[in-house]
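The values are calculated or read from the model by the stated rules, or taken from the named source; none is laboratory data. These numbers come from a predicted model, not from an experiment. Here Cβ is always computed from backbone atoms with ideal geometry, including for glycine, and neighbour counts include all displayed protein chains. For the accessible areas, the whole protein counts, side chains as well, though only heavy atoms, and no ligand, DNA or RNA atoms are used. Shrake-Rupley method; radii C 1.70, N 1.55, O 1.52, S 1.80 Å.
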There are 2 protein chains.
Amino acid sequence: MKMFKIPEATVSRLSVYSRFLSKLDKKGIITISSGEIAEGVGVGAAQVRKDLAYFGEFGTRGVGYNVKDLHQHILKILGLTTSWPVVVIGAGNLGTALCLYDGFRERGFNIVAMFDVDPLKIDKEIEGITVYSMEKLGDIIKEKEVKMGVIAVPAEYAQQIADLLVKNNICAILNFAPAVIKVPEEVQLRNVDLSVNLEILTFNIVNNVKNLY
Amino acid sequence: MKMFKIPEATVSRLSVYSRFLSKLDKKGIITISSGEIAEGVGVGAAQVRKDLAYFGEFGTRGVGYNVKDLHQHILKILGLTTSWPVVVIGAGNLGTALCLYDGFRERGFNIVAMFDVDPLKIDKEIEGITVYSMEKLGDIIKEKEVKMGVIAVPAEYAQQIADLLVKNNICAILNFAPAVIKVPEEVQLRNVDLSVNLEILTFNIVNNVKNLY
(Lines give C-alpha, C1' and ligand atoms only; values in the text may rest on other atoms or scores of the structure.)
Protein backbone atom coordinates (compact mmCIF):
# COMPACT_ATOMS: atom_id res chain seq x y z
CA MET A 1 0.00 0.00 0.00
CA LYS A 2 1.47 3.34 -1.05
CA MET A 3 0.13 6.70 0.12
CA PHE A 4 2.38 9.29 -1.36
CA LYS A 5 -0.20 12.01 -1.33
CA ILE A 6 -0.92 12.34 2.38
CA PRO A 7 0.48 15.69 3.54
CA GLU A 8 2.80 15.49 6.52
CA ALA A 9 0.62 18.02 8.36
CA THR A 10 -2.25 15.51 8.09
CA VAL A 11 -0.07 12.75 9.55
CA SER A 12 0.83 15.07 12.47
CA ARG A 13 -2.83 15.79 13.09
CA LEU A 14 -3.74 12.08 12.93
CA SER A 15 -1.25 11.63 15.73
CA VAL A 16 -3.01 14.37 17.73
CA TYR A 17 -6.48 12.97 16.99
CA SER A 18 -5.48 9.49 18.11
CA ARG A 19 -4.18 10.79 21.43
CA PHE A 20 -7.49 12.58 21.97
CA LEU A 21 -9.49 9.48 20.97
CA SER A 22 -7.43 7.37 23.35
CA LYS A 23 -8.48 9.63 26.23
CA LEU A 24 -12.15 9.50 25.18
CA ASP A 25 -11.99 5.73 24.90
CA LYS A 26 -10.56 5.46 28.43
CA LYS A 27 -13.47 7.60 29.65
CA GLY A 28 -15.90 5.14 28.05
CA ILE A 29 -17.20 7.50 25.36
CA ILE A 30 -18.63 5.51 22.42
CA THR A 31 -19.24 7.99 19.57
CA ILE A 32 -17.97 11.43 18.65
CA SER A 33 -18.64 13.95 15.87
CA SER A 34 -15.97 15.63 13.75
CA GLY A 35 -17.03 18.90 15.41
CA GLU A 36 -16.28 17.48 18.86
CA ILE A 37 -12.90 16.16 17.73
CA ALA A 38 -12.18 19.59 16.22
CA GLU A 39 -13.14 21.32 19.47
CA GLY A 40 -11.12 18.89 21.58
CA VAL A 41 -7.87 19.29 19.68
CA GLY A 42 -8.18 22.89 18.46
CA VAL A 43 -8.45 22.24 14.69
CA GLY A 44 -11.30 23.25 12.34
CA ALA A 45 -14.10 20.69 11.85
CA ALA A 46 -13.71 20.80 8.04
CA GLN A 47 -10.01 20.01 8.45
CA VAL A 48 -10.79 17.01 10.68
CA ARG A 49 -13.24 15.63 8.09
CA LYS A 50 -10.76 16.24 5.27
CA ASP A 51 -7.92 14.53 7.16
CA LEU A 52 -10.02 11.47 7.95
CA ALA A 53 -11.39 11.31 4.40
CA TYR A 54 -7.90 10.47 3.09
CA PHE A 55 -8.36 7.06 4.61
CA GLY A 56 -11.90 6.25 3.52
CA GLU A 57 -15.26 6.61 5.19
CA PHE A 58 -15.34 6.08 8.94
CA GLY A 59 -18.27 8.08 10.23
CA THR A 60 -22.04 7.66 9.98
CA ARG A 61 -23.89 10.82 9.02
CA GLY A 62 -25.80 12.19 11.99
CA VAL A 63 -24.19 9.70 14.39
CA GLY A 64 -20.51 10.47 14.09
CA TYR A 65 -17.51 8.22 14.54
CA ASN A 66 -17.17 5.17 16.74
CA VAL A 67 -14.35 6.22 19.10
CA LYS A 68 -12.73 2.80 19.51
CA ASP A 69 -12.85 1.94 15.79
CA LEU A 70 -11.55 5.31 14.65
CA HIS A 71 -8.78 5.20 17.25
CA GLN A 72 -7.69 1.72 16.18
CA HIS A 73 -7.84 2.64 12.53
CA ILE A 74 -5.65 5.73 13.01
CA LEU A 75 -3.15 3.76 15.10
CA LYS A 76 -2.93 1.25 12.27
CA ILE A 77 -2.39 4.00 9.68
CA LEU A 78 0.38 5.46 11.84
CA GLY A 79 2.03 2.06 12.26
CA LEU A 80 1.41 2.08 16.01
CA THR A 81 -0.39 -1.23 16.46
CA THR A 82 3.02 -2.80 17.08
CA SER A 83 5.68 -1.60 19.48
CA TRP A 84 8.88 -0.02 18.14
CA PRO A 85 12.22 -0.62 19.82
CA VAL A 86 14.34 2.56 19.71
CA VAL A 87 17.98 3.32 20.52
CA VAL A 88 19.09 6.75 21.75
CA ILE A 89 22.61 7.90 20.97
CA GLY A 90 23.86 10.41 23.54
CA ALA A 91 23.17 9.98 27.25
CA GLY A 92 23.35 13.68 28.11
CA ASN A 93 20.48 15.80 29.39
CA LEU A 94 18.51 15.57 26.17
CA GLY A 95 18.97 11.81 25.84
CA THR A 96 17.98 11.41 29.48
CA ALA A 97 14.94 13.67 29.03
CA LEU A 98 13.87 11.52 26.08
CA CYS A 99 14.15 8.36 28.20
CA LEU A 100 11.91 9.96 30.81
CA TYR A 101 9.44 11.29 28.26
CA ASP A 102 6.10 9.57 28.91
CA GLY A 103 4.89 10.53 25.44
CA PHE A 104 7.13 7.89 23.84
CA ARG A 105 6.22 4.93 26.01
CA GLU A 106 2.50 5.68 25.75
CA ARG A 107 2.71 5.49 21.97
CA GLY A 108 4.61 2.21 21.78
CA PHE A 109 8.14 3.58 21.40
CA ASN A 110 10.39 1.61 23.72
CA ILE A 111 13.86 2.93 24.28
CA VAL A 112 15.76 -0.35 24.61
CA ALA A 113 19.29 1.05 24.92
CA MET A 114 21.30 4.26 25.11
CA PHE A 115 24.82 4.80 23.83
CA ASP A 116 27.55 7.23 24.80
CA VAL A 117 31.30 7.69 24.56
CA ASP A 118 31.73 8.88 28.16
CA PRO A 119 33.29 6.08 30.29
CA LEU A 120 31.53 7.53 33.36
CA LYS A 121 28.16 6.86 31.75
CA ILE A 122 28.82 3.51 30.09
CA ASP A 123 27.30 0.47 31.86
CA LYS A 124 25.22 2.76 34.10
CA GLU A 125 21.43 2.78 33.96
CA ILE A 126 19.17 5.76 33.32
CA GLU A 127 15.55 5.08 34.21
CA GLY A 128 16.19 1.38 33.87
CA ILE A 129 17.80 1.80 30.44
CA THR A 130 21.43 0.70 30.14
CA VAL A 131 23.98 3.03 28.57
CA TYR A 132 26.34 1.08 26.29
CA SER A 133 29.60 2.00 24.59
CA MET A 134 29.33 2.84 20.89
CA GLU A 135 31.13 -0.42 20.03
CA LYS A 136 28.03 -2.37 21.11
CA LEU A 137 25.69 -0.45 18.76
CA GLY A 138 25.65 -2.99 15.92
CA ASP A 139 25.10 -6.00 18.19
CA ILE A 140 22.25 -4.41 20.12
CA ILE A 141 20.47 -3.13 17.01
CA LYS A 142 20.61 -6.67 15.63
CA GLU A 143 19.70 -8.45 18.85
CA LYS A 144 16.74 -6.18 19.73
CA GLU A 145 15.60 -5.76 16.10
CA VAL A 146 15.79 -1.98 16.38
CA LYS A 147 14.58 0.02 13.38
CA MET A 148 14.70 3.54 14.81
CA GLY A 149 17.55 5.59 16.18
CA VAL A 150 17.45 8.94 17.96
CA ILE A 151 20.47 11.24 17.74
CA ALA A 152 20.96 13.37 20.86
CA VAL A 153 24.66 14.22 20.59
CA PRO A 154 26.41 17.59 20.01
CA ALA A 155 26.01 18.96 16.47
CA GLU A 156 29.58 18.20 15.41
CA TYR A 157 29.14 14.44 15.95
CA ALA A 158 25.67 14.12 14.40
CA GLN A 159 26.79 13.08 10.90
CA GLN A 160 29.18 10.37 12.07
CA ILE A 161 26.51 8.94 14.37
CA ALA A 162 24.02 8.98 11.48
CA ASP A 163 26.56 7.14 9.30
CA LEU A 164 27.03 4.52 12.03
CA LEU A 165 23.27 4.02 12.39
CA VAL A 166 22.90 3.65 8.62
CA LYS A 167 25.80 1.19 8.49
CA ASN A 168 23.94 -0.87 11.10
CA ASN A 169 20.75 -1.00 9.02
CA ILE A 170 18.57 1.45 10.92
CA CYS A 171 15.42 2.36 8.89
CA ALA A 172 14.63 5.71 10.46
CA ILE A 173 16.52 8.44 12.30
CA LEU A 174 15.20 11.24 14.49
CA ASN A 175 17.92 13.88 14.77
CA PHE A 176 17.83 16.38 17.64
CA ALA A 177 21.30 17.80 16.98
CA PRO A 178 21.14 21.28 15.41
CA ALA A 179 23.06 20.10 12.33
CA VAL A 180 22.12 19.25 8.75
CA ILE A 181 22.87 15.56 8.24
CA LYS A 182 22.62 13.42 5.14
CA VAL A 183 21.47 9.82 4.86
CA PRO A 184 20.85 7.50 1.89
CA GLU A 185 17.44 7.80 0.22
CA GLU A 186 16.18 4.53 1.69
CA VAL A 187 16.61 5.76 5.29
CA GLN A 188 13.89 7.93 6.83
CA LEU A 189 15.18 11.07 8.50
CA ARG A 190 13.55 13.80 10.56
CA ASN A 191 15.43 16.73 11.98
CA VAL A 192 13.90 18.21 15.12
CA ASP A 193 15.31 21.69 15.36
CA LEU A 194 14.01 22.93 18.68
CA SER A 195 14.74 26.58 17.90
CA VAL A 196 12.59 26.54 14.73
CA ASN A 197 9.60 26.40 17.05
CA LEU A 198 10.71 29.52 18.89
CA GLU A 199 11.33 31.24 15.55
CA ILE A 200 7.81 30.51 14.33
CA LEU A 201 6.62 32.17 17.54
CA THR A 202 8.80 35.26 17.03
CA PHE A 203 7.67 35.44 13.39
CA ASN A 204 4.06 35.36 14.56
CA ILE A 205 4.67 38.01 17.24
CA VAL A 206 6.57 40.34 14.90
CA ASN A 207 4.09 39.94 12.03
CA ASN A 208 0.89 39.93 14.10
CA VAL A 209 -0.08 36.50 12.85
CA LYS A 210 -3.17 35.18 14.59
CA ASN A 211 -2.70 32.23 16.85
CA LEU A 212 -3.90 29.09 15.11
CA TYR A 213 -4.60 27.18 18.31
CA MET B 1 2.53 44.85 8.66
CA LYS B 2 0.30 41.77 8.48
CA MET B 3 1.29 38.59 6.68
CA PHE B 4 -1.51 36.17 7.26
CA LYS B 5 -0.88 34.14 4.16
CA ILE B 6 2.62 32.85 4.80
CA PRO B 7 2.38 29.10 5.41
CA GLU B 8 4.01 27.89 8.58
CA ALA B 9 6.07 25.40 6.55
CA THR B 10 7.59 28.39 4.74
CA VAL B 11 8.46 30.05 8.04
CA SER B 12 10.16 26.82 9.18
CA ARG B 13 12.17 26.70 5.98
CA LEU B 14 13.17 30.37 6.28
CA SER B 15 14.61 29.42 9.63
CA VAL B 16 16.59 26.61 7.97
CA TYR B 17 17.76 28.85 5.10
CA SER B 18 18.99 31.54 7.46
CA ARG B 19 21.06 29.01 9.42
CA PHE B 20 22.64 27.85 6.17
CA LEU B 21 23.26 31.45 5.02
CA SER B 22 24.86 32.26 8.37
CA LYS B 23 27.39 29.47 7.79
CA LEU B 24 28.12 30.65 4.22
CA ASP B 25 28.56 34.21 5.44
CA LYS B 26 31.07 33.07 8.07
CA LYS B 27 32.99 31.29 5.29
CA GLY B 28 33.16 34.58 3.36
CA ILE B 29 30.88 33.47 0.50
CA ILE B 30 29.34 36.53 -1.22
CA THR B 31 26.61 35.26 -3.56
CA ILE B 32 24.56 32.08 -3.87
CA SER B 33 21.94 30.74 -6.28
CA SER B 34 18.57 29.31 -5.24
CA GLY B 35 19.85 25.97 -6.59
CA GLU B 36 22.81 26.05 -4.22
CA ILE B 37 20.58 26.95 -1.25
CA ALA B 38 18.29 24.09 -2.26
CA GLU B 39 21.20 21.66 -2.46
CA GLY B 40 22.64 22.86 0.85
CA VAL B 41 19.47 22.42 2.87
CA GLY B 42 17.82 19.52 1.02
CA VAL B 43 14.77 21.36 -0.39
CA GLY B 44 13.77 21.72 -4.07
CA ALA B 45 15.06 24.83 -5.89
CA ALA B 46 11.54 25.83 -6.99
CA GLN B 47 10.43 25.68 -3.34
CA VAL B 48 13.30 27.94 -2.26
CA ARG B 49 12.39 30.52 -4.93
CA LYS B 50 8.71 30.32 -3.99
CA ASP B 51 9.46 30.75 -0.27
CA LEU B 52 11.66 33.77 -0.85
CA ALA B 53 9.20 35.31 -3.31
CA TYR B 54 6.68 35.77 -0.46
CA PHE B 55 8.88 38.57 0.77
CA GLY B 56 9.67 40.40 -2.47
CA GLU B 57 12.52 40.22 -4.94
CA PHE B 58 15.92 39.54 -3.44
CA GLY B 59 17.98 37.88 -6.17
CA THR B 60 19.49 39.11 -9.42
CA ARG B 61 18.83 36.85 -12.40
CA GLY B 62 22.00 35.03 -13.41
CA VAL B 63 23.89 36.28 -10.35
CA GLY B 64 21.86 34.91 -7.47
CA TYR B 65 21.40 36.25 -3.97
CA ASN B 66 23.79 38.32 -1.91
CA VAL B 67 24.40 36.04 1.10
CA LYS B 68 24.72 38.77 3.74
CA ASP B 69 21.69 40.75 2.55
CA LEU B 70 19.45 37.71 2.20
CA HIS B 71 20.53 36.44 5.62
CA GLN B 72 19.80 39.79 7.28
CA HIS B 73 16.48 40.09 5.51
CA ILE B 74 15.33 36.65 6.63
CA LEU B 75 16.45 37.30 10.21
CA LYS B 76 14.36 40.49 10.14
CA ILE B 77 11.33 38.62 8.80
CA LEU B 78 11.72 36.04 11.57
CA GLY B 79 12.04 38.74 14.23
CA LEU B 80 15.59 37.66 15.05
CA THR B 81 17.41 40.96 14.67
CA THR B 82 16.79 41.54 18.38
CA SER B 83 17.49 39.15 21.21
CA TRP B 84 14.60 37.44 23.02
CA PRO B 85 14.74 36.77 26.75
CA VAL B 86 13.07 33.45 27.58
CA VAL B 87 12.04 31.74 30.81
CA VAL B 88 11.95 27.97 31.16
CA ILE B 89 9.49 26.43 33.59
CA GLY B 90 10.68 23.05 34.84
CA ALA B 91 14.33 22.42 35.74
CA GLY B 92 14.27 18.68 35.07
CA ASN B 93 16.22 16.90 32.37
CA LEU B 94 14.30 18.50 29.53
CA GLY B 95 14.58 22.01 30.99
CA THR B 96 18.28 21.44 31.58
CA ALA B 97 18.77 20.10 28.06
CA LEU B 98 17.08 23.23 26.69
CA CYS B 99 19.45 25.44 28.72
CA LEU B 100 22.40 23.59 27.22
CA TYR B 101 20.99 23.66 23.70
CA ASP B 102 23.36 25.74 21.54
CA GLY B 103 20.68 26.17 18.90
CA PHE B 104 18.81 28.67 21.11
CA ARG B 105 21.69 30.94 22.04
CA GLU B 106 22.94 31.05 18.43
CA ARG B 107 19.57 32.37 17.30
CA GLY B 108 19.23 35.09 19.92
CA PHE B 109 17.07 33.22 22.44
CA ASN B 110 18.52 33.88 25.88
CA ILE B 111 17.22 31.78 28.71
CA VAL B 112 17.32 34.32 31.53
CA ALA B 113 15.78 32.23 34.30
CA MET B 114 14.42 28.78 35.12
CA PHE B 115 11.64 27.97 37.56
CA ASP B 116 10.82 24.87 39.55
CA VAL B 117 8.89 23.74 42.60
CA ASP B 118 11.63 21.43 43.91
CA PRO B 119 13.36 23.04 46.95
CA LEU B 120 16.53 21.11 46.07
CA LYS B 121 16.73 22.90 42.73
CA ILE B 122 15.64 26.40 43.76
CA ASP B 123 18.47 28.97 44.02
CA LYS B 124 20.88 26.58 42.30
CA GLU B 125 22.42 27.37 38.94
CA ILE B 126 22.24 25.25 35.79
CA GLU B 127 24.73 26.31 33.15
CA GLY B 128 24.91 29.74 34.75
CA ILE B 129 21.11 30.10 34.77
CA THR B 130 19.49 30.49 38.19
CA VAL B 131 16.52 28.30 39.12
CA TYR B 132 13.87 30.33 40.97
CA SER B 133 10.76 29.35 42.89
CA MET B 134 7.48 29.79 41.04
CA GLU B 135 6.61 32.73 43.32
CA LYS B 136 9.28 34.83 41.61
CA LEU B 137 7.86 34.24 38.10
CA GLY B 138 5.91 37.49 37.82
CA ASP B 139 8.73 39.70 39.10
CA ILE B 140 11.35 38.19 36.82
CA ILE B 141 9.15 38.33 33.72
CA LYS B 142 8.59 42.02 34.43
CA GLU B 143 12.16 42.85 35.38
CA LYS B 144 13.78 41.08 32.41
CA GLU B 145 11.01 42.04 29.95
CA VAL B 146 10.41 38.41 29.05
CA LYS B 147 7.92 37.73 26.25
CA MET B 148 8.42 33.98 25.77
CA GLY B 149 7.97 31.08 28.13
CA VAL B 150 8.91 27.43 27.65
CA ILE B 151 6.92 24.76 29.50
CA ALA B 152 9.03 21.72 30.39
CA VAL B 153 6.99 20.28 33.27
CA PRO B 154 5.06 16.97 33.53
CA ALA B 155 1.86 16.88 31.44
CA GLU B 156 -0.48 17.20 34.42
CA TYR B 157 0.92 20.60 35.42
CA ALA B 158 1.15 22.09 31.91
CA GLN B 159 -2.20 23.91 31.95
CA GLN B 160 -1.69 25.57 35.30
CA ILE B 161 1.79 26.74 34.26
CA ALA B 162 0.34 28.10 31.01
CA ASP B 163 -2.32 29.97 33.02
CA LEU B 164 0.38 31.46 35.25
CA LEU B 165 2.45 32.58 32.25
CA VAL B 166 -0.62 34.16 30.65
CA LYS B 167 -1.50 35.91 33.91
CA ASN B 168 2.00 37.39 33.89
CA ASN B 169 1.59 38.79 30.36
CA ILE B 170 3.74 36.35 28.39
CA CYS B 171 3.15 36.79 24.61
CA ALA B 172 4.21 33.34 23.44
CA ILE B 173 4.46 29.86 24.91
CA LEU B 174 6.38 26.84 23.68
CA ASN B 175 4.93 23.76 25.34
CA PHE B 176 6.98 20.56 25.54
CA ALA B 177 4.60 18.75 27.89
CA PRO B 178 2.60 16.05 26.07
CA ALA B 179 -0.71 17.69 27.00
CA VAL B 180 -3.27 19.79 25.12
CA ILE B 181 -3.32 23.22 26.75
CA LYS B 182 -5.50 26.22 26.06
CA VAL B 183 -4.53 29.89 26.07
CA PRO B 184 -6.39 33.09 25.16
CA GLU B 185 -6.41 34.01 21.47
CA GLU B 186 -3.92 36.84 21.93
CA VAL B 187 -1.22 34.50 23.26
CA GLN B 188 0.91 32.56 20.75
CA LEU B 189 1.19 28.85 21.52
CA ARG B 190 3.16 26.03 19.98
CA ASN B 191 3.02 22.49 21.24
CA VAL B 192 6.14 20.44 20.60
CA ASP B 193 5.04 16.85 20.82
CA LEU B 194 8.25 14.93 20.54
CA SER B 195 6.52 11.65 19.76
CA VAL B 196 4.69 13.09 16.72
CA ASN B 197 8.07 13.10 15.00
CA LEU B 198 8.56 9.41 15.67
CA GLU B 199 5.02 8.73 14.46
CA ILE B 200 5.63 10.49 11.14
CA LEU B 201 8.63 8.16 10.77
CA THR B 202 6.60 5.03 11.54
CA PHE B 203 3.87 6.22 9.15
CA ASN B 204 6.50 6.64 6.44
CA ILE B 205 8.03 3.22 7.13
CA VAL B 206 4.69 1.42 7.22
CA ASN B 207 3.35 3.18 4.13
CA ASN B 208 6.57 3.16 2.10
CA VAL B 209 6.61 6.93 1.84
CA LYS B 210 9.74 8.22 0.17
CA ASN B 211 12.13 10.15 2.32
CA LEU B 212 11.73 13.84 1.61
CA TYR B 213 15.24 14.78 2.75
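If you take the alpha carbon radius of gyration of chain A and divide it by 2.2 N^0.38 Å, what ratio comes out, to two decimals? Let's see the in-between values first.
Working: Rg = 19.7 Å, N = 213, 2.2 N^0.38 = 16.9 Å.
Cα-based Rg divided by the globular estimate yields 1.17.
Averaged over its residues, how many other protein chain Cβ atoms are within 10 Å of peptide A:73-84's Cβ atoms? Mind dumping the intermediate values first?
Working: counts 0, 0, 1, 1, 5, 9, 10, 6, 1, 2, 0, 5.
What the average comes to for A:73-84 is 3.
In units of 2.2 N^0.38 Å, what is the alpha-carbon radius of gyration of region B:149-190?
Values: Rg = 8.9 Å, N = 42, 2.2 N^0.38 = 9.1 Å.
Working it through for region B:149-190, the quotient is 0.98.
In degrees between 0 and 90, to the nearest 10, how far off the longest principal axis of chain A does helix A:67-78 point, with axes built from Cα atoms?
The helix A:67-78 is inclined about 40 degrees to chain A.
So which of B:142/B:167; B:23/B:147; A:142/A:167; B:124/B:182; A:76/A:182 end up more than 20 Å apart, counting from Cα to Cα? All intermediate terms of the calculation are to be shown ahead of the outcome.
Details: B:142/B:167 12 Å; B:23/B:147 28 Å; A:142/A:167 12 Å; B:124/B:182 31 Å; A:76/A:182 29 Å.
B:23/B:147; B:124/B:182; A:76/A:182, as the Cα separations exceed 20 Å there.
Kindly give the distances from residue B:182 to its copy-mates, label point to label point, with each label point 7 Å from Cα along Cα→Cβ, as nm values to one decimal ordered shortest first.
For residue B:182, the inter-copy label distances come out at 4.9 nm.
List the relative contact order of region B:84-196 as a percent without decimals, with contacts defined as Cα pairs under 8 Å and 6+ residues apart.
Details: 207 pairs, mean separation 26.8, N = 113.
24 percent.
Using only Cα atoms, tell me the angle between helix A:158-167 and the longest principal axis of chain A; keep it within 0 to 90° and round to the nearest 10.
Here the helix axis deviates by roughly 90 degrees.
Quick check: Cα centre of region B:132-191 to Cα centre of region B:75-118, how many Å?
Region B:132-191 and region B:75-118 have Cα centres separated by 13 Å.
Taking a label point 7 Å from Cα toward Cβ, how far is residue B:54 from its twins in the other copies, in nm, shortest first?
Nearest to farthest, the other copies are at 2.0 nm.
Looking at the calculated P(r) for the protein assembly as shown, what percent of the C-alpha pair distances fall above 37 Å?
Details: 22753 of 90525 pairs.
Of the Cα pairs, 25 percent sit more than 37 Å apart.
Chains B and A: how much accessible area gets covered up at their contact, both sides added, probe 1.4 Å, in Å² to the nearest hundred?
On the way: alone 13690 and 13680 Å², together 20720 Å².
Interface area, both chains combined: 6600 Å², rounded to the nearest 100.
Given contacts defined as C-alpha pairs under 8 Å and at least six residues apart, what's the relative contact order of chain A, whole-number percent? The partial results should precede the final answer.
Details: 281 pairs, mean separation 28.6, N = 213.
Normalised by residue count, the contact order of chain A is 13 percent.
What range in chain A is the longest one free of GluC sites (Glu not before Pro) that are in a loop by DSSP and have at most 14 other Cβ atoms within 10 angstrom? Don't skip to the answer; put the middle values down first.
On the way: sites that count: A:57, A:127, A:145, A:185, A:186.
With GluC sites (Glu not before Pro) excluded where exposed in loops, chain A gives A:58-126 as its longest stretch.
Under the convention of a label 7 Å out along Cα→Cβ, give the distances in nm from residue B:130 to the same position in every other copy, shortest first.
For residue B:130, the inter-copy label distances come out at 4.4 nm.
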